[in-house]
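Engineer: Just passing along the structure, written as structure tokens.
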Amino acid sequence: MTVTPAIEADVLRRQDPELADVLLGESERQATTLQLIAAENFTSPAVLAALGSPLANKYAEGYPGARHHGGCEIVDVAERLAVERAKALFGAEHANVQSHSGSSAVLAAYAALLRPGDTVLALGLPHGGHLTHGSPANFSGRWFYFVGYGVDAETGLLDHDQIRALARAHRPKAIVCGSIAYPRHIDYAFFRDVADEVGAYLIADAAHPIGLVAGKAAPNPVPYADIVCATTHKVLRGPRGGMVLCGSELAERVDRAVFPFTQGGAQMHTIAAKAVAFAEAATEDFVRYAHQVVTNARMLAVALAAEGLAVTTGGTDTHLLTADPAPLGVDGRTARGRLAAAGIVLDCCALPHDDTRGLRLGTAAVTTQGMREPEMARVAMLLAGVLRGDLEPARTREEVRELTAGFPPYPA
Ligand SMILES: Cc1ncc(COP(=O)(O)O)c(C=O)c1O
């Protein structure tokens with residue numbers, strides 16, 4: 001199997017067979033099981049090549065043209081390319097591509113706009129907010145006063161009346177919109193309107209939908225939010241990492257919030273890989289891909305609902321969907337374990353207004369592999385069969401192996 005340049009060249013196998021086995025084992029797991037984790041994808045060989053390049057050796061504190069280390073002239077070109085490509089892709093006046101992760105990007109946004117103790121309005125964690133949206137286990141919940149909004153108990157949709165009422169009552173310094181599990185488009189114009197009414201900054205945490213934005217399959221938060229934070233490794237199909245987009249007036253504050261306030265040296269191999277991914281995402285191929293991701297997620301939602309799972313909001317506008325498997329007689333946590341044994345890999349998630357756990361599924365990775373609607377129907381059938389107990393996990397594992405064999409993520 002051709003996987004990474006390092007394995008291909010057999011360097012690692014000769015030098016460190018133990019670790020080479022880990023890489024090959026993981027490559028095989030990814031290729032022979034179904035990757036339905038909504039936050040994952042398969043990057044291109046070109047992105048992997050940049051990640052595994054000698055740019056990994058370079059220290060580069062600071063920004064292009066103003067580094068604390070010598071010898072940065074060449075890596076500066078990579079960062080300038082990444083910045084220019086991100087700005088063009090998302091129509092942003094400024095892009096910082098140094099954030100090591102989505103969480104680091106959110107931390108930088110808070111650092112740029114807030115002071116400890118400030119009030120922030122964000123989606124509550126049980127309703128799909130991320131840890132960085134006020135979890136007591138995270139810096140956000142420790143350093144800021146978070147007020148949580150939620151989704152409607154009946155429809156599962158963001159409760160706009162409640163959001164406006166909470167904003168009026170608490171006068172937050174910032175409002176955060178964005179989620180780890182909300183399957184519908186976010187109305188950024190609505191959030192901008194509420195933020196303006198109460199004099200708050202608007203931070204869009206677009207970690208999940210940013211790849212769909214690049215592929216013109218979801219609304220762009222850039223024209224509405226003061227700061228947009230994102231990851232580069234989900235639908236966007238780049239390396240693991242984050243980025244921050246904003247207008248020119250906040251550019252300096254954002255850059256200082258990333259370095260030196262919250263991070264040290266930039267990871268130039270990752271930044272180069274981000275540049276590669278941004279160029280890939282600017283193509284018509286990627287636009288087709290992003291739309292197919294949504295088509296596949298919609299098909300999966302329809303098929304799972306037909307199998308009896310309770311699909312939140314009745315479907316999806318995006319790459320992800322959440323569902324309660326309880327009607328099939330199983331809770332989310334048990335379901336995840338049973339499905340893993342069958343080679344169907346997905347996440348549990350909180351279910352709003354419910355104490356039990358649900359399932360979260362995404363179609364970014366399987367779509368990169370080339371799967372389409374017929375495969376989504378088959379996946380739903382296998383998944384529901386395993387949960388109902390009609391299909392034996394070990395036999396289903398073989399079916400999954402057969403299915404995935406037709407869609408290698410890295411064809412030889
Ligand atoms: C909405 C949201 N924000 C932030 C993050 C954090 O990203 P990372 O895991 O790269 O820190 C995620 C990750 O899934 C996310 O979904």
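The values are calculated or read from the model by the stated rules, or taken from the named source; none is laboratory data. Everything numeric here is computed off the predicted structure, so don't read it as measured data. Heads up, the Cβs are rebuilt from the backbone with ideal geometry, glycines too, and the neighbour counts pull from every protein chain shown. These accessible areas exclude ligands, DNA and RNA; they are computed on the full protein's heavy atoms, side chains included. Shrake-Rupley method; radii C 1.70, N 1.55, O 1.52, S 1.80 Å.
Engineer: Between Gln15 and Ala137, what is 0.36 nm times their sequence separation minus the Cα-Cα distance? Round to one decimal in nm. Display every interim value, and only then the final one.
Structural biologist: Numbers: separation 122, 0.36 × 122 = 43.92 nm, distance 4.03 nm.
Residue separation times 0.36 nm, minus the Cα-Cα distance, leaves 39.9 nm.
Engineer: Still on this structure, please answer the following. Rounded, prolate or oblate for the range 284-405? Axes are the square roots of the Cα gyration tensor eigenvalues, ordered a ≥ b ≥ c, and the cut-off for rounded is a/c under 1.5. Write down the numbers at each step before the final one.
Structural biologist: Numbers: a/c = 1.98, a/b = 1.20, b/c = 1.65.
In terms of gyration-tensor shape, oblate.
Engineer: Something else now. From the backbone phi of the range 327-337, what are the Karplus-calculated ³J(HN,Hα) couplings (6.51 cos²θ - 1.76 cosθ + 1.60, θ = phi - 60°) in whole Hz, Gly and Pro given as x?
Structural biologist: x, 8, x, 8, 8, x, 5, 5, 4, 4, x
Engineer: Rank-order 91-100, 65-74, 246-255 by packing density, defined as the average count of other C-beta atoms within 10 Å over each peptide's residues, highest first. Don't skip to the end; give the middle numbers.
Structural biologist: Working: 91-100: 22.9, 65-74: 12.5, 246-255: 16.9.
Ranked from most to least packed, the peptides come out as 91-100, 246-255, 65-74.
Engineer: Another question about this same structure. So what is the 222 nm mean residue ellipticity for the chain from helices alone, if each DSSP H run of at least 4 adds -39500 (n - 2.57) and you divide by all residues, rounding to the nearest 500 deg cm²/dmol? Working shown, then result.
Structural biologist: Working: 17 runs with 184 residues, N = 412.
Mean residue ellipticity, 222 nm, calculated: -13500 deg cm²/dmol.
Engineer: For the range 109-157 and the range 180-259, what is the separation of their C-alpha centers, rounded to whole Å?
Structural biologist: First find each Cα centre; the distance between them is then 15 Å.
Engineer: Let me ask you something else. Compare the peptides 393-400, 17-24 by average per-residue count of other Cβ atoms within 10 angstrom and give them in order, highest first.
Structural biologist: Values: 393-400: 16.4, 17-24: 12.6.
My ranking of the peptides, most packed first, is 393-400, 17-24.
Engineer: Excluding same-chain residues fewer than 8 positions from Lys234, which lysines have a Cα within less than 18 Å of its Cα?
Structural biologist: Once the sequence-local lysines are set aside, what remains near Lys234 is Lys216, Lys274.
Engineer: While we're here: Please report, to two decimal places, log10 I(q)/I(0) for the chain at q = 0.06, 0.10, 0.13 Å⁻¹ as given by the Debye formula with identical point scatterers on the Cα atoms and no solvent.
Structural biologist: -0.24, -0.69, -1.15
Engineer: Just subtract the alpha-carbon distance of Glu252 and His160 from 0.36 nm times their residue separation and send over the number in nm, one decimal.
Structural biologist: Numbers: separation 92, 0.36 × 92 = 33.12 nm, distance 3.26 nm.
Working it through step by step, the gained length comes to 29.9 nm.
Engineer: On the protein heavy atoms, probe 1.4 angstrom, tell me the percent of accessible surface of the range 74-119 carried by carbon and sulfur. Don't jump to the answer; show the numbers that get you there.
Structural biologist: Working: 970 of 1730 Å².
Of the solvent-accessible surface of the range 74-119, carbon and sulfur hold 56 percent.
Engineer: Here is a follow-up. When the accessible area of the range 284-405 is computed with all protein chains present and a 1.4 Å probe, what percentage of it is carbon and sulfur? If you can, show how the numbers build up before the last one.
Structural biologist: Numbers: 2340 of 4750 Å².
Reported share for carbon and sulfur atoms: 49 percent.
Engineer: Take the Cα gyration tensor of the range 1-114, multiply each eigenvalue by 5, square-root it, and list the three semi-axes largest first, rounded to whole angstrom. Before the final figure, lay out each step's value.
Structural biologist: Details: eigenvalues 196, 85, 37 Å².
In descending order, the three semi-axes are 31, 21, 14 Å.
Engineer: Quick check: at a probe of 1.4 Å, how many percent of the accessible area of the range 148-232 sits on carbon and sulfur atoms?
Structural biologist: Details: 1460 of 3000 Å².
Roughly 49 percent of what the probe reaches on the range 148-232 is carbon or sulfur.
Engineer: Which value in nm describes the separation of the simple spin-label points at Phe261 and Ala405, placed 7 Å from the Cα toward the beta carbon?
Structural biologist: Spacing of the two 7 Å Cα→Cβ label points: 5.5 nm.
Engineer: Now a separate question. If contacts are Cα pairs under 8 angstrom and at least 6 residues apart, what is the relative contact order of the range 284-405 in percent?
Structural biologist: Working: 190 pairs, mean separation 35.0, N = 122.
Reported as a whole number, the value is 29 percent.
Engineer: Please state the relative contact order of the chain as a whole percent: Cα pairs under 8 Å, 6+ residues apart? Write down the numbers at each step before the final one.
Structural biologist: On the way: 869 pairs, mean separation 92.9, N = 412.
Rounded, it is 23 percent for the chain.
Engineer: Please give the per residue accessible area of the chain, computed with a probe of 1.4 Å over protein heavy atoms only, in Å². Please list the in-between numbers first.
Structural biologist: On the way: 16890 Å² over 412 residues.
For the chain, the solvent-accessible area averages 41 Å² per residue.
Engineer: OK, next. Taking amide hydrogens as modeled 1.01 Å from N in the peptide plane, which residues meet the under 5 Å criterion relative to Leu391, leaving out close sequence neighbours?
Structural biologist: Close amide H contacts, sequence-distant or interchain: Val386.
Engineer: Roughly how many nanometres apart are two label points built 7 Å out from the Cα toward the Cβ at Ala412 and Thr334?
Structural biologist: 4.3
Engineer: Starting from the Cα-Cα distance between Asp152 and Glu373, subtract it from 0.36 nm times their residue separation and give me the gain in nm to one decimal.
Structural biologist: On the way: separation 221, 0.36 × 221 = 79.56 nm, distance 3.00 nm.
Result: 76.6 nm gained on full extension.
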